[in-house]
Amino acid sequence: MPHGLHQLFQLRRLSEFVLLSNGISSSSISKKSGKLDELGALNDLGGKLKIKNLRFPKDDKTAKANLYEKEDLLSLILIWDINSSINENDCEKALEDLKPHQNLRELSISAYGGSKFPNWLPLLQKLVKLSLSRCNRCHCLPPLNRLPNLQVLVLDELMELEYIVDESTTTTTTSSSFSTLKELRLTNLPKLKEWWKNAGDQNATFTCLSKLVVEDCPCLTSMPLFPCLEELVLKNTCWGPFNQTMAAAKEEKTSEFQASSSTTTFTVVPLSKLKTLHIIAMDMSTGDPNIWQSLPSLRSVTLDHISDIHNQLQKLQKVTNLQQLHIWRCDSLKEIPSWISNVKSLKTISIKLCPELTIPRERLSLIASLKKVEIEDCPQVELCCVLLYGSLLPLRPLFRKGGLLLLENNSVDWNENTNAKGSKDSKRHLHFLILHPVQIVHVLCMKERISKKFYRKNYENSLEE
C-alpha cells in the first residue's frame, strides 16, 4: 500500500491492506510503501479488513495498527508472508499485538508461523466464524469452547495438530461446549486424532451442527456425536467418527440435550436429519453394513472414487426417499443397478468418469421416469440406445457447454410399443438428458420420419451457436 494512507482518518471502508512482500528487495519501493502504523489513526474503519504479507520486521509497528480501537470492524483476515522466514517467537508477538476489538464477528488467520495462538483469541465473545489455515507449526489451539457464539469453524492444513480442545486446560464442561456450532470443516489435518484431549465425558454432542466436512484426516478416530447433521462430506478419512454416530442410530439410542435458544429438552435420533451425503475416496468396506437404512431423511448421495461401488449401490436401495444420486470416478461401475426404477422418489442421476459403464437395451426403462439424466466421460455408453424407444421429435438443443450438449424433452414415450395409445403410463417425462455431442449425431440420425440431412444440419447449427 502507498505511504500516507493514515491521513484519511475518516475512512470507513478498507477491504485490503497489502504490505510489501519480503521477496521484493527494491529499496525505493520499500521507502514508498506503507507500514502497519498507517492503520493506527483509521479508527472509523468498519466492515471487512484483510491484511496481507504480515511478518515481524526490524522496525516492528504491528502494535501501532491499533486494531483493538476499531470497534466497527466486523471481519478481520490476517495473512502472513510466505516468503518471510521469521522467528517463531517474533511471529507470536506480532499476532499478539494485532489484538482486535471484542466486537469482531469473523476472524481468519492464514500462514501463521507461530506454534501457539494469542491469549486474546478466546476472549472474542461475539465471534461467529473462525478460520485457521496453513499454520504448520501449530500443535495446539486456544480453548475455542470458550467462544459462546461460534457458529462456523474451519481448520485447514494444521500439520502438527493432534487435538482440538485439551480438557485439562479448560473449565468449560464438554456437554456445554460448542452449543452454537452449525458448520465445521476439518481439512488436511494429517495428525489429528480426536476432538477432545483428556476428556472425561465421552458422550459430548454437537447439538446444533448441521454441516460437517472431514477431508484428509486419516488418523481421526473419535469425535462428539452430531445428531442434527443435515450435510456430511467425508473424504480420505477413517470411518471412526461416522461409525460412532451410526452405531447410536442402529441401536435406536437417542441423545437428550438442551436447545441453545431455550430450556426445552428434546430427543433426536442420530443422523435422522441427514439430507446430503458426499463420500469421496473412502474404503466403505470397513463401514457399518447397515449404514443406509439408518438414514431416513437422506435426499442426495454422492459416491466419488469408491472401489466397492456395486456393493454400496445394492445397499443404497434401502434409502426410500432418495431424490438425487451422483456416481463419479468409479472405475468398476459397469451398469446401472436394476433397483433404480423401484425408487419412486428418485429424480436425478449423474454418472461421470466411469469408463466401464454400459447401458444395455434391457436396462433403458430404468431411467425412464427420471427428470434429469447426466452422463459424462463414459466412453463405453452407446447413448444412441438410450433413445431407441423414444420419440426424437420433441428434442431440441438448449445449449452447449464444454463437451456436453443439453437436450430438453418434455414428453418422451419410453414404452417399447410406441404405437400404444391411451395407456395411462405410456408417457414418461424426462425433462433433461445430457449427452456427449459426438454420440448425439448418431442418435439424431436414427429418426426415420425426418431426413438424416435435416437432423445433422440442425445439430451442427446448434453447436455453432
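Each reported figure results from applying straightforward, stated rules to the coordinates on display, with no laboratory input. Everything numeric here is computed off the predicted structure, so don't read it as measured data. Glycine also receives a Cβ, built like all others from the backbone with ideal geometry; neighbour counts cover every protein chain displayed.
Can you give the FRET efficiency to the nearest 0.05 for Lys50 and Ser272, using r as the Cβ-Cβ distance and R₀ = 41 Å?
With R0 = 41 Å, the Cβ-Cβ based efficiency is 0.55.
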Only counting other Cβ atoms within 10 Å, I'd like Leu127, Leu11 sorted with the fewest neighbours first. Leu11, Leu127
Would you order Val213, Val18 from fewest to most other beta-carbon atoms within 10 Å of each residue's own beta-carbon? Val18, Val213
Extension gain Asn87-Ser332, at 0.36 nm per residue separation less the Cα-Cα distance, in nm? 83.1 nm
